[in-house]
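The values are calculated or read from the model by the stated rules, or taken from the named source; none is laboratory data. Fair warning: this is a prediction, and the values are worked out from it, not measured in the lab. Please note: Cβ atoms are built from the backbone with ideal geometry, for glycine as well, and neighbour counts cover all protein chains shown. Remember, those area values only see protein heavy atoms, side chains included, never the ligands or the DNA or RNA. Shrake-Rupley method; radii C 1.70, N 1.55, O 1.52, S 1.80 Å.
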Amino acid sequence: MRISLFACAVAFVGLIWWLRRSGNSVGLPAAYLGNLLVLHVPGAVGQVLDRENLIQGDAFTRTGMIMTAIGTVAFVVGALIGRRRVATPTPQPAARSVFWRYCLLGGGVLTVVAYAINIPSVTAVIAGGGPIWMLGVMLALRSATRTGDGQKAFRWLVALTLYPVLILFLTGFMSYGSVAAIIVLTGIAMVAASGWRVALGYAVAVVAGISIFLSYYSHRDQIRAAVWGGADTDARIAASVAAFSDLELFDPRNGEHLVAFDERLNQNYFVGLAAARIESGAVNPLYGRSLVEGVQALVPRALWPDKPVVAGSPKIVSEMTGLTLGTGTSFGVGNVMEFHINFGIPGVVIGFLLLGAAIGWLDVKTAAADLRGDLRQTFLFFLPAVALIQPNGSIVEILSGAAAALAAALAWRWLWDRWPKPQPSKAQTIARTPFPQTI
């Protein structure tokens, strides 16, 4: 297991180094890999640190971690392939400050609307278009990082924190907000001038993220009771404040901390259990069944009301692992498990190669569009990429989400073309601030 953990760490650090060295990235491949490893590494670390209390699932965790390491390396290779032969354009001026506010306002409003209505296909497009707020916040913070504008950075960091808080109040889950934060913060790391600052920033983020997770995990039942029970805003705020008012640092000797990792951040267990059941003949591989369902998911339900494909993972997780899953927690099949239960290890390698190539290509195209001042085109690359960053989702959710995100991107581009904006000036260009070339 230690070898697998080491391989994942080396691959992640190597990917960040390469993306920063290339100087034409908004960090989307690293954001995907960061979110993937969050789901797999803490549980494996818990198993390594507590050999007495967590030994029951050790074999399954070890198998799942091996699969994760294979997928991680394949993803990095795919990301590098996807970024090839895309030239870095010369930075050009554009109405960037207007664009950032446009994205924040439009994405924020659309996110709230997505939770307020329930119309097939329409809701999917709305949800796919909401993440433009991430694009606006990320680009604004990247600009503030390049220029060293602390006041602007603070304002946009406040905007970044609003989404996780809003989602926690609306759904009772913290994972959706953490994915968004990782995407935005990784984009900032790509333009930080000093590699040491990036390393320090990641260290601080990991420590803070673990502490927040542990506090949330110990209070999640109270938060969800308030949210799902229809409590008023004051009650939801009180439950959330109680959860985060007593943050405690991770202690590797604290058994409760390690159990929390094992119970919620150990996707390896499901991967290993499904692999063992396939090997024993208790269940058959899917042989591409979920891939076919993913293609079917591309057809809008508005055109196919009786479409048999339903987004979500609990059914497939239960089928392949034999577990009876509770309704109070979300269970995702995850990319590692789904690639493996379809075609084994070759499925893991090929699946992550293709996924890495897709996200790598979308990443470099997003960065290039921003550099040359073609802001309208960033929608077409950024939104589908965000839809692909679902390491705990199913192929059905990923493909249908990417299609909905592309449709939403076209709508946002159309609206931006008609949005009032001033003529760009030379002061708005980022040409004077070069990208870092080394770590």
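When peptides 394-400, 149-155 are ranked by their average number of other Cβ atoms within 10 Å per residue, the highest-first order is 394-400, 149-155.
Reported to the nearest whole Å, the Cα centre-to-centre distance from segment 340-393 to segment 127-194 is 19. Per residue, the average separation of C-alpha pairs within less than 8 Å and at least 6 apart gives the chain a relative contact order of 31 percent. Inter-label distance, residue 13 to residue 90: 3.9 nm, where each label sits 7 Å from its Cα along the C-beta direction. Computed with a 1.4 Å probe over protein heavy atoms only, the accessible surface of the chain comes to 46 Å² per residue. Packing, taken as the mean count of other beta carbons within 10 Å per residue, orders the peptides 335-342, 139-146 from highest to lowest as 335-342, 139-146. The listed peptides 267-273, 71-77, ordered by packing as a protection proxy, come out as 267-273, 71-77 (highest mean of other Cβ atoms within 10 Å first). Remark: C-alpha extents of segment 142-181 on the principal axes read 37, 15, 8 Å, sorted largest to smallest. About the centre of its Cα atoms, the chain shows a dipole size close to 1880 debye [charges on the beta carbon of Lys, Arg (+1) and Asp, Glu (-1) only; nearest 20 debye]. When the solvent-accessible area of segment 236-278 is split by element, carbon and sulfur atoms take up 55 percent of it, the probe being 1.4 Å.
Here's the list of aspartates and glutamates a cross-link from residue 421 could span, going by alpha-carbon distance under 15 Å and ignoring same-chain residues fewer than 8 apart: 374.
Can you tally the net charge around residue 213? Count Lys and Arg as +1, Asp and Glu as -1, for every other residue whose Cβ sits under 12 Å from the Cβ of residue 213.
Taking every Cβ under 12 Å from that of residue 213, the sum is 0.
For segment 325-400, the relative contact order comes to 39 percent (Cα pairs under 8 Å, sequence separation of at least 6). Its Kirkwood hydrodynamic radius, worked out from the mean inverse distance over all distinct Cα pairs, puts segment 152-211 at 12.5 Å. Computed over Cα pairs, the Kirkwood radius of the chain leads via Stokes-Einstein (1.567 mPa s, 4 °C) to a diffusion coefficient of 58 µm² per second. Of the solvent-accessible surface of segment 161-219, computed with a 1.4 Å probe over protein heavy atoms with every protein chain present, carbon and sulfur atoms account for 81 percent. Sorted into 5 angstrom bins from 0, the C-alpha pair distances of segment 325-412 split as 3, 14, 19, 20, 16, 12, 9, 5, 2, 0 percent.
Legend: Rg and Dmax of segment 193-306, from Cα coordinates, 21.2, 55 Å. Take the Cα of residue 203, step 7 Å toward its Cβ, do the same at residue 284, and the gap between the two points is 5.3 nm. Based on the Kirkwood approach, the hydrodynamic radius assigned to segment 1-96 is 15.1 Å, with every pair of different Cα atoms included. Summed over qualifying helices (DSSP H, 4 residues or more, each -39500 (n - 2.57)) and divided by its residue number, the chain shows a 222 nm mean residue ellipticity of -24000 deg cm²/dmol.
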